[in-house]
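*Asks:* Here it is, the structure in full.
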Amino acid sequence: MLDHFFKPKSVAIVGASRQEGSVGHSIFRNMISAGFNGEIYGINPKGDELLGQPLYTSLSAVGKPIDLAIIAVPAKIVPAVMEECGKVGIDSTIIISAGFKETGPEGAKLERRVAEIAAKNNTRMIGPNCLGIVVPAIGLNGSFAAGMPRAGRVALISQSGALATAILDWALGEGLGFSKFVSFGNAADVGLTDLLRALAEDDDTKVVLAYLEGVEKGPEFMAVARELTRRKPLVVVKSGSTSAGARAVSSHTGSLAGSEQAYDAAFRQSGVIRVSSLEQLYDYAVAFAALPQPQSRNVALITNAGGPGIMATDAAERMGLNMTSLDKGTIDRLRAELPPASNFYNPVDVLGDASPERYEFAAKTLIDDPNVHNLIMITAPQAMTRIEETANVIARVASQNGIPIIGCLMGGQEMVKGAQVLRETEVPCYAFPERAVGALAAMAEYKEWQEKPKDEVPTFGVNREQVKEILDRARAEDRVNLGELEARDIISAYGFRVPKGGLARSPEEAADLAAQLGFPVVMKIASPDIIHKSDIGGVRLGINSRNQAIDAYELMIMRARRFMPEADIRGASVQEMVTQGKEVILGMSRDPQFGPLIMFGLGGIYVEVLKDVVFRVAPFGKREAREMIGEIRAYPLLAGVRGERPADINAIEEALLRLSQLVSDFPEIVEMDINPLKVGEPGTGAVAIDARITIATLRSGFAT
Amino acid sequence: MVVLYICSSEPYAGKSLVALMFGRLYQEMGLKVGYFKPIGSMPTKVDGVTTDEDAAFIAQSLNLSEPLDAICPVQLTSEMLREVFAGRPPDFMKAIDQAFPAVSQDKDLLIVGGLGSVCCTAFTIGLNPVSLVDRLKAKAIVIGKYVDDHSTDMMLAARMALGDRILGIVINSVPRNEQDMVKNEIAPFFEKQGMPVFGILPRDQILSSISVRELAEEVGARVLCCETGMDELVEHFSVGAMSAESALRYFRRIPNKAVVTGGDRSDIQLAALETPTRCLILTGDLQPHPRILTRAEEAGVPVLLTREDTLSAVARIERVLGKLRVREPKKIQRVMELAKEHLDFKRFDAALRGKEVGPG
C-alpha cells in the first residue's frame, strides 16, 4: 500500500528549478543531499543541469521507469503534468504546488480537474498544497524542509505543512527518529485514512503521530483508527478545540469543525490517544517509541530528593497511575543496604548524596519486585550528584529489563550531559516528573485499550417500516420538526415504552381521554412548531379531575395562540402520568463529520446546570453504553446512595442501544431528544415520557 | 363595463394578489380586463416613467398596453405630501378623472387597486374609499388579512365604511391549522350578516417567501457567488451569532432560510451551508474566506455581501417581509393555483354581474 511513496526506487522532481530558494530547487537539493539510494531525475523544460545532475526536459524524456513524481510547478500547469504522468505510467505523485482549493472556487475547480485526471489514469496523489514526504531510512527527503531527521520508529502525518516542518526541525534537535513523515495538504486523493491504513501495515513504524485540524470522513476514520490502534498507538493533536480555535480551523480548512465532544468520543471509541499540546505529542512519542508495553498502571519511583518524589506521586495519583505498594522482601532489602534516613516505601528516596551505585541497587531491587510494572528514576541536581554516571546507570537498567523505565533529570543546565546520555541510548528522559508520569499513564491506558474486547453492536427487532412511513410523510410535507405524537410513534416502533395517551382536539375530548386513562394525567400542547412547550405554559402535570382537564386544555390553547400565533396547534396530548422513577436524558445530534453523537445525562439540573453529560458516536455496543452510564459524575445517584433503591441500569443501557440503532438506521434524523426517560427500580424498565425529533429536508440531503 | 374596486382591511392584505387572480381568471373567460391604480405609493421608474411598482407589475402580468402614467396617474411622494401640508393640495380627483377614460376604454372589466386599507385611504389628501368607489361607479370587494380570530373586526370595519357597495370578502393568509375554523365558523358568521365570502386563501409558503434576488436588492448586497441560486425562495431568516455547535442545531430546525451573519464567522457560515439554507447574507463588508465560497459553490447557495451591519440588515429584511410581493414566475403560477382551488369564482362573477346567488 502506497509503496511507491514510501519505498520508491526512482524519483522525478518536476519543476527542478535553477532558481535558488524556489520550492522546486529546494526539493531537488534536499533529495540529493539526503543521500537517496535510488535514481533522481530533475525535470525542467529548459533541460541543462543542476547541482551536477543532468536535467530532463520532460517526464517522457527520462526514458526509464519512474516510481514517484514530486510536482512543484505553478498550479495551472499541474493538470498537464498529471496527464504526462499518466502517459509515462507513473502511479504515485506528490503535488507540492499551492493554488488549489485553499484559494477559492477557481482553485477548487482546478483541484477537481487534477483529481479527475489522476483517477482516470489510476495515479495516486498526495497533496496538493503540501510539504511532501520524508523517509529517513532510505534517504528520501521529498520535501522542502531543510533538515533530515534520524531514522526511527515514529511516523508523523500532518494536515499542516508548516507545523510539520516545525516539529521536524525540533525533533532534529531532540534526536527523535522517524520512520515516515507525510504532510498531506488538501488531500484531494490520498488522505488521512489511506495514510493510517498504510502505517498500520508498516513494520518500521511503532507509533503514529498526527496533527489534525479536522477529520473529513468520520466513520471511516474511526474504523481505520480502531484497526490501527489494535496494533500500534496513534497519538493525535487535534487543534481548534476552543470555539475561537474552531473558527480559525473553519477558515483554514473550509470544513465545519465537528463538535469537540464528537472528536473526544470518536477518538476514545477508536483508541486514539488525544494530546492537547505539541510538547505532549513529543513526550508520548518518545515513550511509545522506546519503551516496552507496561503490564499495568503500577508505578514505583526512585528519587534523590523528597520534594520531586512527592510531586511525582501527586502527578501519578492525578493521572491515574497506581503508586504500587512494595513487597515486604523488597522493603527489607532496601532497608538493609540504603542509609537509615532513606525512604524504603514507594516513592523510594535514596537521599541527596546518592551515588550512581546506590541508584543502581535501588533500581534493580525495585525491578525485581513483582508489583512494580513501571519505574521512574528522578534525579535532582544536588552537590554530590554525579549526573552523567547516574544517567549511565538509568540507561543500563533500562536496557536490561523488560519494564518501562523513564529517567527524570530535573533541571536544565546541570542536566545537559545526563540528558545527552539518555537520548543517545534512547531512554525517555523528561525534565519534570509530571511529563514522565503523563507519558507512562498514556502507555498504561493504551495497553488497557488493546485488551478491551470488541464492542459488538446488537440489533433489536424493531418496526422500521413504521418509522420510515412517518419520516417520509413529514419530508413530503417539507417539515423539519416532528410533532410529539409522531416522535412518540417513532420511538415506540423502536421498542421504547411510552406513556399511554392520545390527542385531544377539544376540552371535552381532553376530559374524556383523561378519565379513560385514569387520573392523574399529564397534558401537553400538541404543535410541531412549539419546541419549548413549558416556556409558554404548554405542559401541565398532575391533572386530577375532568374539570381540571377542561381548564388545563382551554388555558393551554389560549396561551399557545397568544404567545405563538404562528404555530400550527393541533390540540393537546393527554397522557398517563408516570410518577415513579429517576429522570435521565438521552439526546442525539448528528455531527457533520462523525454522524450520530449520542448524549446521556441525569435529568434536570444535572444536565442543564452541571453539564454532567457524556457522549458517544453511534452505533455502539453494550460496553460503550455501560461506560457512558458509569461515566457521569451523578452515577452514584443512579446506583443508589443513602439507602435509596438503585435505578434499572439495564433499562438505560437498552434505551441507549435502541436509540443508537434508530439514529443509525435513519440518517435523516439530525437532532433528537428523549427527555425525560423515567427509569424505575431494577427489573421495572423505563418509560420515554417525551421525545423531540428534527429531520433533514429532502433538498438539503443528510448524508453528511 | 364593470368597475371592481379592491380594498382591504389593512395594508399589505393581498389586494394586488387578488387583482391578479381575478384579472387572469376573467381574461381566461375571454373578457377584456383593465387595471387602474388611482394612487400609487411605491414609486419606481419603468422606461423613464415614474409609476407604482405594483401597478407596473400587474399591468405587465395582465399584458396591458395602456400607458403606465394612465394606469397609475398619481404618485403619493413625500414632496407631494409636503404640498398638501402647506395647504397647496394638487387636484387629485381631476388627475384620476383624466386618466380614467384611457384605462377603461374598450374594457369589459376594470379592476381598481385601492390604496392602503379602507381605514387609511389617503384621507390626508382629501380622498376616501367611499368617494372613490362612488366616483368610479364601482362595486367593491374587501380583502381581509387573517391574523387570528380577532381579525374579523378589521374586516367588519371595512364593510361598515363601504356599506352596500361591498359585494363580499376574500379572507387571505389563513394558517393551515385554522382553515377549518375559518371555513366552518367565521365564513358562516359573515354570510349571516349578508357579507358573502368568495374565498378563503391559505397562508402559502411559496407566496410568503422572498427570492434571494429581491433580498439582495433589499439589503444592497453584492453577489459573491452562485448566481444560479438567485431565484430560489427564502421563507425564513436566521441570525448567526451563536457558537458553531448551537448554530447547527438551530439551523437544522429552520428550512429554506437566509442566514445573516458576519463575514468573519466562518464557523457559522459552514454550519449554515450544512443545513437547509437558501443564501448567506454576510454583513459588515467583510469578505468571507475563499474556502467558504468554494463550499457555497458546491452547495449551490448564493453568498451575498453587504456593507450593513447585522442589525440593520435584519431590520431591512424584516421591513420587506411585512410586504411581500408576487413577482417571480414561480409565485405567479402558485397564485393561479390558489385562485382555482380556493376562490368561488362562479359565485363572485354572479355577484359582480348583479345576479345574486346564495352561498354555493
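*Asks:* Picking from B:Leu127, B:Leu132, B:Leu136, which residue would you name as being farther than 20 Å from B:Pro11 by Cα and either open to solvent by less than 40 Å² (accessible area, probe 1.4 Å) or touching a helix residue (DSSP H, G or I) at 6+ places or on another chain (Cβ under 7 Å) (or both)?
*Replies:* B:Leu136
*Asks:* Being closer than 29 Å to A:Pro676 by Cβ, aromatic (Phe, Trp, Tyr) and either open to solvent by less than 40 Å² (accessible area, probe 1.4 Å) or in contact with a strand residue (DSSP E or B) (Cβ under 6 Å, 6 or more places away or on another chain) (or both): is that true of A:Phe460 here?
*Replies:* On the way: closer than 29 Å to A:Pro676 by Cβ: yes; aromatic (Phe, Trp, Tyr): yes; either open to solvent by less than 40 Å² (accessible area, probe 1.4 Å) or in contact with a strand residue (DSSP E or B) (Cβ under 6 Å, 6 or more places away or on another chain) (or both): no.
It is false that A:Phe460 is closer than 29 Å to A:Pro676 by Cβ, aromatic (Phe, Trp, Tyr) and either open to solvent by less than 40 Å² (accessible area, probe 1.4 Å) or in contact with a strand residue (DSSP E or B) (Cβ under 6 Å, 6 or more places away or on another chain) (or both).
*Asks:* Continuing with the same structure: I want to confirm something. Restricting to segment A:91-115 and keeping residues that are part of a loop (DSSP other than H, G, I, E, B) and either surrounded by fewer than 24 Cβ atoms within 10 Å (Cβ to Cβ) or not hydrophobic (A, V, I, L, M, F, W, C) (or both), which single residue is farthest from the other protein chains (Cβ to nearest Cβ)? I'd like the intermediate steps shown before the answer.
*Replies:* In the first step, residues of segment A:91-115 are kept if they are part of a loop (DSSP other than H, G, I, E, B); the result is A:91, A:96-100, A:104.
Still in the list and also either surrounded by fewer than 24 Cβ atoms within 10 Å (Cβ to Cβ) or not hydrophobic (A, V, I, L, M, F, W, C) (or both): A:91, A:97-99, A:104.
On the way: A:Asp91: 28, A:Ser97: 16, A:Ala98: 12, A:Gly99: 11, A:Gly104: 3 Å.
Per the stated criteria, the residue is A:Asp91.
*Asks:* Also: Restricted to segment B:152-180, and to residues that are in contact with a Ser or Thr (Cβ under 7 Å, 6 or more places away or on another chain) and open to solvent by less than 10 Å² (accessible area, probe 1.4 Å), which residue is nearest to the other protein chains (Cβ to nearest Cβ)?
*Replies:* Ranking the candidates gives B:Met155 first.
*Asks:* State which residue is farthest from the other protein chains (Cβ to nearest Cβ) when the search covers only segment B:221-231 and only residues that are open to solvent by less than 50 Å² (accessible area, probe 1.4 Å) and touching a Lys or Arg at 6+ places or on another chain (Cβ under 8 Å).
*Replies:* Residue satisfying both the conditions and the ranking: B:Met230.
*Asks:* Taking B:Ile143, is it surrounded by 21 or more Cβ atoms within 10 Å (Cβ to Cβ), closer than 25 Å to B:Leu4 by Cβ and either in contact with a Phe, Trp or Tyr (Cβ under 7 Å, 6 or more places away or on another chain) or in the same structural domain as B:His236 (by TED's automatic domain parsing) (or both)?
*Replies:* no
*Asks:* May I ask you to say which residue of A:Ala80, A:Ala118 is open to solvent by less than 10 Å² (accessible area, probe 1.4 Å), aliphatic (A, V, I, L, M) and either closer than 19 Å to A:Pro45 by Cα or part of a helix (DSSP H, G or I) (or both)?
*Replies:* A:Ala118
*Asks:* Only residues that are aliphatic (A, V, I, L, M) and in a strand (DSSP E or B): list them for segment A:390-409, please.
*Replies:* Those that are aliphatic (A, V, I, L, M) and in a strand (DSSP E or B): A:Ile405, A:Ile406, A:Leu409.
*Asks:* Under 9 Å between Cβ atoms, which residue pairs at least 6 apart in sequence (or on different chains) link something in segment A:324-337 that is farther than 12 Å from A:Asn371 by Cα with a partner that is among the basic types (Lys, Arg)?
*Replies:* A:Glu337/A:Arg358
*Asks:* Tell me, which helices (runs of 4 or more DSSP H) lie completely within segment A:586-704 with 2 or more residues that are in contact (Cβ under 8 Å) with a residue 40 or more places away in the chain?
*Replies:* Output list reads A:622-631, A:635-639, A:649-665.
Yes/no per residue for (1) more than 13 Å from chain B (Cβ to nearest Cβ); (2) open to solvent by 40 Å² or more (accessible area, probe 1.4 Å); (3) of a type in the set (Phe, Trp, Tyr):
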residue	(1), (2), (3)
A:Ser527	no, no, no
A:Arg559	yes, yes, no
A:Ser573	yes, no, no
A:Met588	no, no, no
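*Asks:* Follow-up. Would you pick out the residues in segment A:529-557 that are within 14 Å of chain B (Cβ to nearest Cβ) and open to solvent by 30 Å² or more (accessible area, probe 1.4 Å)? Lay out the reasoning, then the answer.
*Replies:* So the first thing to find is which residues in segment A:529-557 are within 14 Å of chain B (Cβ to nearest Cβ), and the list is A:529-532, A:557.
Hits for segment A:529-557 are A:Asp529, A:Ile531, A:His532.
*Asks:* Just to verify a result, which residue in segment A:344-402, among those that are of a type in the set (S, T, N, Q) and open to solvent by 60 Å² or more (accessible area, probe 1.4 Å), is nearest to A:Val427 (Cα to Cα)?
*Replies:* Result: A:Ser399.
*Asks:* Taking segment B:234-261 only, how many residues are touching a strand residue (DSSP E or B) at 6+ places or on another chain (Cβ under 6 Å), away from chain A (no Cβ under 11 Å) and open to solvent by 10 Å² or more (accessible area, probe 1.4 Å)?
*Replies:* Looking only at that region, the number is 2.
*Asks:* Considering only segment B:269-277, I want to know if a residue exists there that is under 22 Å from A:Ala98 (Cβ atoms), touching a residue at least 40 places away in the same chain (Cβ under 8 Å) and facing another protein chain (nearest Cβ under 9 Å).
*Replies:* No.
The values are calculated or read from the model by the stated rules, or taken from the named source; none is laboratory data. Remember, predicted model here, so these are calculated numbers, not experimental data. We place every Cβ from the backbone using ideal geometry, glycine too, and count neighbours over all the protein chains shown. Only protein heavy atoms, including side chains, enter the accessible area calculation; ligands, DNA and RNA are left aside. Shrake-Rupley method; radii C 1.70, N 1.55, O 1.52, S 1.80 Å.
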